[in-house]
Structures are given as C-alpha cells and as structure tokens.
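Asker: Provided herewith is a single structure, encoded as structure tokens, for subsequent inquiry.
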C-alpha cells in the first residue's frame, strides 16, 4: 500500500525548520537577525502552518 | 481536467474582473480573503494593482457553470476557511513588515489603518454573506431533541455571526480613528470626543440594569415561545396521526385484520417520527429504508404483518435494487400463501456483502412441484439474483414454512 504524504506535516515541518535554521545562523553569528526580520519570519511560519492546515484535503 | 482544477477568472461571482473569485475557486479559499490580500498589497507598495491587472489579462474567463461542491468549498461557514484566512493574514502581515523594513512603505499612518479597515470590512462582509446561507439542522434521536438542537445550533450560529460582525465593525471604526489620530486630525475634536465618551459611559452605567433585565426577559420569552411551539407541533402531529388512527380503528373494530394493519402502520410511523427519520414521500436512496418501504407496501396490499429488522445500510444501485426486487417478490409470495402468520424480513448489509432473509410460518411448498410456467420464484428471485452476480436459496417443505435467502457480494 502506497503511503500518502501528509502535506500539513510537511509544510509545517519545513516552515518550522526554516525558522530554526534562521535562528541558528543568527546564534552562530553568520547573520544578524533583527526584530524587523525575526517578527515576519515567525509570522510567516505560523501563517504557513495555518494555511497548510486549512488547505489540506479530507481523506 | 475538471472545471474546478482550471485556473480561470470567474466574473459571474467577482466584484471587478473575477480574478479573486477564480483563484479562490481553484484553491478552495474564500475569495474575500484574496480580495483583502490584494487591497493590502496595493496599499503597501502598489504591487496588488499590478498583479491584479496582469492576472486579469493572463487568465481566461471561466465558463458559467457552478456546482454544489464548489459552493460548499467556498462557503464561509466552512470551519477551515477560518484557518486559511488566519494563515493568509499572518503571511500578508509578514510581507508588510518585510516591506516596511526594506523601506517600500507609504507610511504607518496610512498602511496600518487600511489593514484594520480592510480586515474589519472583510469580517463584516463575511458575516453578511453567512446570514444568507441556509441553516443546518442536525438530526437527533428524538423529535423534541431535534427541535431543540436545531434551535440551539441556529442560536449559536446567530450569536457567532453577530460577534464577528461587531468585531468587524469595531475594526473598521478603530482603523478610521487610528488613521485620524496618526494624521493629527483628532486634535480639534478631542475635547468634544472626551465629553461624549464620559456622557456615554455614564448613561451606560445608569441604563445597564434595565438593559440586562430587558435582555433576560427577551431570552425567557423566546425560550417560552420555542417550548410552546414544540408543544403545539407535538399536539398537531398526535392529532393528525395517532388520534385519527384510533378513531379509524374504532370504526373498523369488527375487522381484526384491518385493525392490526392500522395499528402496525401507526406504530411504524410513530417510531419513524420519534427516531427523526420521518416518513417522507421521496423514494429512499439506500437499501435499508427501501426494504422497509417494500414491507409496508406488502402489508398494506395483503394485510399481513411483516416484521422488519435491518442491520447496516448501503446505497441503491442496480445490484442492490435487484436484491430489493427479489425481496419484494419473496414477501409477496409469503403474504399470499402464508396465511395470517407474520412474515419476518431480516437484512444484514455490510460494505462487501448483503444478505436478506424472508421467513414465513406458512404451509410451505416443494420447489420442484411448482409448474414451469410460474415464473415468480424461478425468474423474479433465483434468476434475478443470478443475473446481478448474487445467489438465492429457498428452503421450503410442506408444513414447515419457507425461508428465502438472498446473498449479494458487493464489489467495492
């Protein structure tokens, strides 16, 4: 039986991972993440998760 | 490719060129959310107007057909619509903040009030559309419960719609006030506004007890009105059904068979009403109620009681309709030849198998003794089941009653 990809988990995971990478790079000093950019990143992560949940099909 | 899968403009349901309506139909999002996004993108950097014009020029016009599924998906009553709206709202906010950080910004005094006003207007608009949608009544186990639950759901929907509309109105007014405040337009009116606020607050404090009493009185009156309507409905139903049947039974007291038939019909109708399934005139679309209706028809035609027990249900299709027709024939034969003994119909309906038994305690018969020109058993039961991929077995012996077994393996 073929496994179906859970789009909600994938989108949420990718978004949270991207946010984590950003914060890690900031912590390592590779980039300076000011509040002006950290706030949109957090909002975009939450928005992506919500959007993925809302658009997920009923199976 | 289906209509819903094609990205196209939908001018029939749009406000300008149907771009948002078309995209919303394609991705299953309320177009109102997309319209809000375009408005905000237009205010933030002007990109919204350019993108809209490009999309209007690039997208073909959709054919005018629409469907119930699409309307359902676009319905603002869909709970997932809220998640989509919140998600898009957060993404738009993130983009606005990034634009602000980059300097592509008209100014806080314009953008944030427009954000508030647009969000509030979208909310008010959404609630106004929602009020036009039909109310959903949830079936319940009992008639009274059904009424109560229907009223409760309606009340909850109404209360949530009012709350959303009030929040939207507050956002619109708040956005306007923020715009005026940020642009220093409120300074001349500050003293007057302060006086108005104080007077309104004092009046609210004075009138609050009367207002609360009025609200409670209205709620109590509404609850009493609902209760009296329920009582009137139950009384009307009892008069139309039970009392009329009792009067009919008194008039036909000398005919026990007719009295029994009337009593069983009334019992069935009352049970259906109590269970909330009703006894509508529309033909059933699934096997279990169709078997029940066939039993009722045989009872009415031949005046013999038919005890029906069904477990499970499935939609009617050519194969299950064949089972239904064979069961009707078996019931008719039993009613004709089994005398006054009640007939039992038992059906077990699973996802992959349908089994129906029709039993009677009549005189029975020998299948081999049935003349070849009598086609009721051979064609209408055995042959019909075979033609539709099922089988039928008849166990009958003189003096031992008859049992007809109908089996259909369903293909999923």
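The values are calculated or read from the model by the stated rules, or taken from the named source; none is laboratory data. Fair warning: this is a prediction, and the values are worked out from it, not measured in the lab. Cβ: placed from backbone, ideal geometry, glycine included. Neighbour counts: every protein chain shown.
Asker: Quick one: which of B:291, B:287, B:262 is more than 24 Å from the chain's Cα centre (by Cα), in contact (Cβ under 8 Å) with a residue 60 or more places away in the chain and surrounded by 14 or more Cβ atoms within 10 Å (Cβ to Cβ)?
Answerer: B:291
Asker: Which one of these does residue B:309 not meet: (1) under 39 Å from the mean Cα position of the chain (by Cα); (2) at positive phi?
Answerer: For residue B:309, the exception is condition (2).
Asker: Given the condition surrounded by 13 or more Cβ atoms within 10 Å (Cβ to Cβ), under 30 Å from residue B:264 (Cα atoms) and modelled with pLDDT of 85 or more, answer yes or no: does some residue in region B:232-240 qualify?
Answerer: There is at least one residue in region B:232-240 that is surrounded by 13 or more Cβ atoms within 10 Å (Cβ to Cβ), under 30 Å from residue B:264 (Cα atoms) and modelled with pLDDT of 85 or more.
Asker: Scanning for something within 14 Å of chain A (Cβ to nearest Cβ) and modelled with pLDDT of 70 or more, does region B:38-54 turn up at least one residue?
Answerer: Scanning region B:38-54, I find at least one residue that is within 14 Å of chain A (Cβ to nearest Cβ) and modelled with pLDDT of 70 or more, so the answer is yes.
Asker: Of all residues in region B:368-393 being in contact with a strand residue (DSSP E or B) (Cβ under 6 Å, 6 or more places away or on another chain) and surrounded by fewer than 17 Cβ atoms within 10 Å (Cβ to Cβ), which is nearest to residue B:345 (Cα to Cα)?
Answerer: Taking the candidates together, the pick is B:393.
Asker: Still on this model: Is at least one residue of region B:215-237 touching a helix residue (DSSP H, G or I) at 6+ places or on another chain (Cβ under 9 Å) and under 30 Å from residue B:298 (Cα atoms)?
Answerer: yes
Asker: Identify the residue in region A:9-32 that is within 13 Å of chain B (Cβ to nearest Cβ) and loosely packed, with under 15 Cβ neighbours inside 10 Å and, among all such residues, is farthest from the chain's Cα centre (by Cα).
Answerer: A:32
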